[in-house]
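Below you'll find the structure, written out as structure tokens, and then a few comments.
The values are calculated or read from the model by the stated rules, or taken from the named source; none is laboratory data. All figures in this text were calculated on a predicted structure; none of them were measured in a lab. Every residue, glycine as well, gets a Cβ built from its backbone with ideal geometry; the counts of neighbours run over all protein chains shown.
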Amino acid sequence: MNHLADLLQSIFLFDPSKPLIFTQFYFWAFFAIVFALFTIFHSKILLRNAFLFFASLFFYYKTSGSYLTLLVFCVIVNFFGGKILDKLTRRGFKIALLVSLVVIDLLTLGYFKYAYFFVDVVHQLFGIDLKVYNFFAAAGNRIFHTNSLVDQIILPVGISFFTFQAISYCVDVFKKTVKPIQNIFDFGFYLTFFPQLVAGPIIRADKFIPQLHRKFFLSHHAFGMAVFWILNGLAKKIIMSDFLATQFVDKVFETPLLFTGFENLLALFAYSLQVYADFSGYTDIATGVALLMGFRLPQNFNSPYKADKPSEFWHRWHMSLSRWLRDYIYIPLGGNRGAGFGTFFWTAVISAIAILLSGSVWVALGLGILYAALALWAFFRVDSRKTIAKHINAMITQLMGGLWHGASWNFIIWGGLNGIGMIANTQWCKQKIEVRAILMFVITAVATILCKLHYEPIFGIAAIWSGIIFVGIYAKLVYGLFSKTPLPRLRFAWNVILTFIFITSTRLFFRAGSNLDPAEANEVAWETARNMIHQIGSPWNFSLVPQMAYSHLSIILVFALGMAIHWLPDRFKRSYRVIFCHLPIWAMILFAVFACLVIYQFSSADSPPFIYFQF
């Protein structure tokens, strides 16, 4: 009996060492049971949705323990809030209720995600030494007679995703783009569907609600596609992402000064592939698991490293979040139409915080000159006002996107760099090639002179980066003197490479503060970023590069293979997916068994969790 009791406890009680993660056996055992019961209930829509709702709650409990109550709270508040919101007739009351629901969701998210950030900002601005207090843990200790720490706040898994999903539902009900869900089990299923619950994609109500009452049907093609996405996601995560992380990337980011500039640069590029393989791998598995039950999740990635400019990258990367930020932040700010109240409000708030935190007169002076220049430009060039407002709205949106990713300054810097890159690229493309050539000549010359006069690693990086762009522009100019035949593919490939390098360089600030306690994230992240820039920008001993490349040959080969697969033509990728889906069932199963055996050879006990679990 004791063995039976221990077995039941291990199955039904929360165990942090046995989370239901896609790469663990426990999840697939859980899914096998859920899918078996699903085949019994699938024809009864209400029972099916209720069953999947409670299965999702159990999944979240096994992943996050007592934080299940937080998810249930989110379900109850937004379900009843949505129903009341739809019944109210007076617009003033509807707006007040919508604001209340959004504030409740954001306060819940802000408390768990930004408490340390808020305490740090208050300390830097006013010198007040506040301490975080976990009210949720304190209440849980009283209710469940537990001993959770109340002086530490741990971020609930997936809180950003289900909170944003809840906000979008309430806003869409307010706008009447969707009708409110009438059954709490249906709504709970929509908000907590376990394949995408902890790391997205963010499901929009207007896309998923119609599927709630759709009868289950799994065609041969859909089954093949589901199996393909699951295997594809597992291969991305275990063979590519985990290998790069455990064998090289994590070691370099932990102690960058122990590695050469070449190794630091290789780690940065490897991380860029790692984070893509990790996150898109999760999405692929979630898509496949959902498809086996007849539900279609939105596409979240579209070969983002094929983007030929920074704005295009964000149309391809984490597409559900990008669309959410566009629809609920960028467009309400004014979008492409011009500046609204939110534009001026958030510009003032962000600028004030930047000035106060830096404590520098130069920052205030620089921002003052920038805004004065923009104001004068808008005054004398009326036709440029919308463009200026559009860029400011885009920058605010990127900063908000950075803040969504994490409660530390490195994520805000990362978001700001992406915003600057998008704006700079847009304005750069509007210039004539002769103007661009002159500008890059001046920038390269200045960076080179600074390196000669007083060498700093950042000057060296600037000189090389500007020099690369300089060579590309002048090669195009020289080619134009001898031939008028355009080379669109070569130009596209060049822009893709430059965009990939830029996005990868911003990853330094993204990765530097990841996987850290919020209380130390800012300090450690800045030190890591500074040390890596120092190593990459310091003079290299090129005679040692071949030897170092050979010592990290496996990392280079995995990176090269991953990028080669990523850059394959979309038509070719679709063709082998279709071929797989047309295989007979026995062939699919045989291939799946073989693929799992290969993937298992790369798995390890210290396999890191999915990166976006922390968001």
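Could you count how many residues in the range 61-97 are at pLDDT 90 or above and of a type in the set (Phe, Trp, Tyr)?
3
Would you tally the residues in the range 566-585 being free of Cβ contacts under 8 Å to residues at least 60 places away in the same chain and within 16 Å of PHE228 (Cβ to Cβ)? Quick ask: steps written out before the conclusion?
Quick first cut of the range 566-585, residues free of Cβ contacts under 8 Å to residues at least 60 places away in the same chain only: 568-569, 571-576, 578-579, 584.
Now narrow it down to the ones that are within 16 Å of PHE228 (Cβ to Cβ): 568, 572-576, 578-579, 584.
Total meeting the criteria: 9.
Within the range 46-63, work out how many residues are surrounded by 16 or more Cβ atoms within 10 Å (Cβ to Cβ) and farther than 15 Å from VAL75 by Cα.
Going through the range 46-63 one residue at a time, the tally reaches 5.
If you check LEU68, LEU88, which single one turns out to be in the same structural domain as ARG142 (by TED's automatic domain parsing) and within 26 Å of LEU155 (Cβ to Cβ)?
On the way: LEU88 fails: within 26 Å of LEU155 (Cβ to Cβ).
Of the residues listed, the single one that is in the same structural domain as ARG142 (by TED's automatic domain parsing) and within 26 Å of LEU155 (Cβ to Cβ) is LEU68.
Tell me which of these PHE22 doesn't satisfy, since it passes every other one: (1) in contact with a Leu (Cβ under 9 Å, 6 or more places away or on another chain); (2) in a helix (DSSP H, G or I).
(2)
Quick test for you: out of GLY92, GLY81, pick the one residue that is exposed (fewer than 15 other Cβ atoms within 10 Å of the Cβ) and in a helix (DSSP H, G or I). Outline the logic, then answer.
Numbers: GLY81 fails: exposed (fewer than 15 other Cβ atoms within 10 Å of the Cβ).
That would be GLY92, the only listed residue that is exposed (fewer than 15 other Cβ atoms within 10 Å of the Cβ) and in a helix (DSSP H, G or I).
Which one of the conditions (1) farther than 16 Å from GLY65 by Cα; (2) surrounded by fewer than 16 Cβ atoms within 10 Å (Cβ to Cβ); (3) modelled with pLDDT under 75 does ALA138 fail to meet, given that it meets all the rest?
So ALA138 meets the others, but not (1).
Only one residue in SER351, SER320 is in contact (Cβ under 8 Å) with a residue 12 or more places away in the chain, buried (at least 21 other Cβ atoms within 10 Å of the Cβ), of a type in the set (Gly, Ala, Ser) and outside any loop (DSSP other than H, G, I, E, B), so which one is that? Spell out how you get there, then give the answer.
Details: SER351 fails: buried (at least 21 other Cβ atoms within 10 Å of the Cβ).
Being in contact (Cβ under 8 Å) with a residue 12 or more places away in the chain, buried (at least 21 other Cβ atoms within 10 Å of the Cβ), of a type in the set (Gly, Ala, Ser) and outside any loop (DSSP other than H, G, I, E, B) holds for just one of SER351, SER320, which is SER320.
Filter the range 230-262 for residues that are among the charged types (D, E, K, R) and in contact with a helix residue (DSSP H, G or I) (Cβ under 6 Å, 6 or more places away or on another chain) and give the result.
First, the residues of the range 230-262 that are among the charged types (D, E, K, R): 236-237, 242, 250-251, 254.
Those that are among the charged types (D, E, K, R) and in contact with a helix residue (DSSP H, G or I) (Cβ under 6 Å, 6 or more places away or on another chain): LYS236, LYS237.
Being at pLDDT 90 or above, farther than 30 Å from VAL227 by Cα and out of contact with any strand residue (DSSP E or B) (no Cβ under 9 Å at 6 or more places or on another chain): is that true of SER551 here? Give the steps one after another, and end with the answer.
Working: at pLDDT 90 or above: yes; farther than 30 Å from VAL227 by Cα: yes; out of contact with any strand residue (DSSP E or B) (no Cβ under 9 Å at 6 or more places or on another chain): yes.
For SER551, the condition - at pLDDT 90 or above, farther than 30 Å from VAL227 by Cα and out of contact with any strand residue (DSSP E or B) (no Cβ under 9 Å at 6 or more places or on another chain) - is met.
Please determine whether any residue of the range 36-45 is surrounded by fewer than 20 Cβ atoms within 10 Å (Cβ to Cβ), within 22 Å of ILE159 (Cβ to Cβ) and either of a type in the set (Phe, Trp, Tyr) or in contact (Cβ under 8 Å) with a residue 40 or more places away in the chain (or both). Before you say what the answer is, go through the steps one by one.
First pass over the range 36-45, keeping only residues surrounded by fewer than 20 Cβ atoms within 10 Å (Cβ to Cβ): 36-45.
Right, trim to within 22 Å of ILE159 (Cβ to Cβ) and you get none.
No: the range 36-45 contains no residue that is surrounded by fewer than 20 Cβ atoms within 10 Å (Cβ to Cβ), within 22 Å of ILE159 (Cβ to Cβ) and either of a type in the set (Phe, Trp, Tyr) or in contact (Cβ under 8 Å) with a residue 40 or more places away in the chain (or both).
Exactly one condition in (1) modelled with pLDDT under 90; (2) out of contact with any helix residue (DSSP H, G or I) (no Cβ under 7 Å at 6 or more places or on another chain) is not met by ALA512; state its number.
(2)
When LYS476 is evaluated against the numbered criteria (1) among the basic types (Lys, Arg); (2) in a helix (DSSP H, G or I); (3) loosely packed, with under 12 Cβ neighbours inside 10 Å, which criterion, by number, is the only one it fails?
(3)
Looking only at residues that are farther than 16 Å from TYR612 by Cα and crowded, with 20+ Cβ neighbours inside 10 Å in the range 293-308, which one is nearest to the chain's Cα centre (by Cα)? Spell out the reasoning first.
Of all residues in the range 293-308, those farther than 16 Å from TYR612 by Cα come to 293-299, 302-308.
Still in the list and also crowded, with 20+ Cβ neighbours inside 10 Å: 295, 297, 304-305, 307.
On the way: PHE295: 23, LEU297: 17, PRO304: 12, TYR305: 14, ALA307: 16 Å.
Step by step, filter the range 293-308, then rank; the result is PRO304.
Search the range 227-277 for residues being charged (D, E, K, R) and farther than 29 Å from THR287 by Cβ, and hand back the single one that is modelled with the lowest pLDDT.
Looking at the filtered set, the residue picked out is GLU254.
Name the residue, out of VAL496, VAL545, that is surrounded by 15 or more Cβ atoms within 10 Å (Cβ to Cβ), in a helix (DSSP H, G or I) and in contact (Cβ under 8 Å) with a residue 40 or more places away in the chain.
VAL496
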